[in-house]
Amino acid sequence: MARKIPLREFHQQVLRRLESAAAARDAPVSKLGVEIGEEKWLVDLATISEVVPVPNLVQVPLTHSWFRGVANVRGSLYGITDFAALAGGGPTPPALDNRILLAHPRFGVNAGILVRRVFGLRNPAQFEVLETAGERAPWLAREYRDEDGIQWKEMDLGSLMRYPDFLNVGIYRRMDVFTSAAQDPPAA
C-alpha cells in the first residue's frame with residue numbers, strides 16, 4: 001500500500017526535484033506562468049511554497065479593496081492580496097481557474113497572491129528579454145516576449161513582500177483628530 005504524503009510535502013518534493021533537475025542540466029530554473037489581471041507573469045518557483053485553489057476568505061474591515069481577506073490554509077492564516085487590483089488594475093473576478101500563490105516562509109510574511117489562472121512551467125531562456133524603459137514597479141524583475149509575441153513580466157516576489165503598500169493593508173484613521181477635538185473647548 002502506498003504511503004500517503006501531505007499535499008504540502010508533496011509540493012515541496014516536486015519543487016526540489018525540478019530545481020535539482022534544472023541545475024543538473026545547467027539550465028535556468030523554469031518559472032511558473034500565471035495570469036494576473038490581463039497580463040502574463042512569471043514567478044520563480046523558489047519564491048512560492050504552494051499553489052492552492054482559492055479557500056474561504058474572511059473579509060477584514062477597514063482594509064484596502066485589494067486585500068481580499070484572511071484564509072486558513074491547513075491551520076495557518078494567510079493574508080490574501082488581489083495583486084491585479086494592488087497594481088492598479090481592476091479586481092480579479094471570481095472563477096474556477098483562480099488560484100492563490102502562497103509566499104515562501106523565508107520571507108517571514110504569511111501572504112498569498114490571488115491570480116486569475118495558472119498556465120504551468122515556462123522556461124524564460126526561450127523568451128526574448130525586453131528592455132524596460134522608465135521607472136518600473138519594485139516587484140517587476142524583467143520583461144520578456146515569447147515566440148508568439150506575447151509579453152510576460154517576471155515578478156520579484158521578495159521585493160513585493162517588502163513593499164510598504166503591500167504590507168500596510170489597513171485603512172488608517174487619524175485618531176488624534178478625534179481625541180483633540182473632544183478635549184478642546186468649543187470656540188466662543
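The values are calculated or read from the model by the stated rules, or taken from the named source; none is laboratory data. Note that the coordinates shown come from a computational prediction; the quantities given were computed from them, not determined experimentally. As a convention, Cβ positions derive from the backbone with ideal geometry for all residues, glycine included, and neighbour counts pool all protein chains shown.
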query = Somewhere in the stretch 60-68, is a residue modelled with pLDDT of 95 or more and of a type outside the set (F, W, Y)?
reply = yes
task = Run L77 past the list (1) part of a strand (DSSP E or B); (2) under 14 Å from the mean Cα position of the chain (by Cα) and report the number of the one that doesn't hold.
result = (2)
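Surrounded by 17 or more Cβ atoms within 10 Å (Cβ to Cβ) and within 20 Å of G120 (Cα to Cα): is that true of V52 in this structure?
On the way: surrounded by 17 or more Cβ atoms within 10 Å (Cβ to Cβ): yes; within 20 Å of G120 (Cα to Cα): yes.
Here the answer is yes, as V52 does meet what is asked.
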Restricting the stretch 149-169 to residues that are exposed (fewer than 14 other Cβ atoms within 10 Å of the Cβ) and at pLDDT 90 or above, the residue that is farthest from the chain's Cα centre (by Cα) = G149
ask   = Going by the conditions given, is F178 out of contact with any Leu (no Cβ under 7 Å at 6 or more places or on another chain), exposed (fewer than 13 other Cβ atoms within 10 Å of the Cβ), of a type in the set (F, W, Y) and at pLDDT below 95?
value = yes
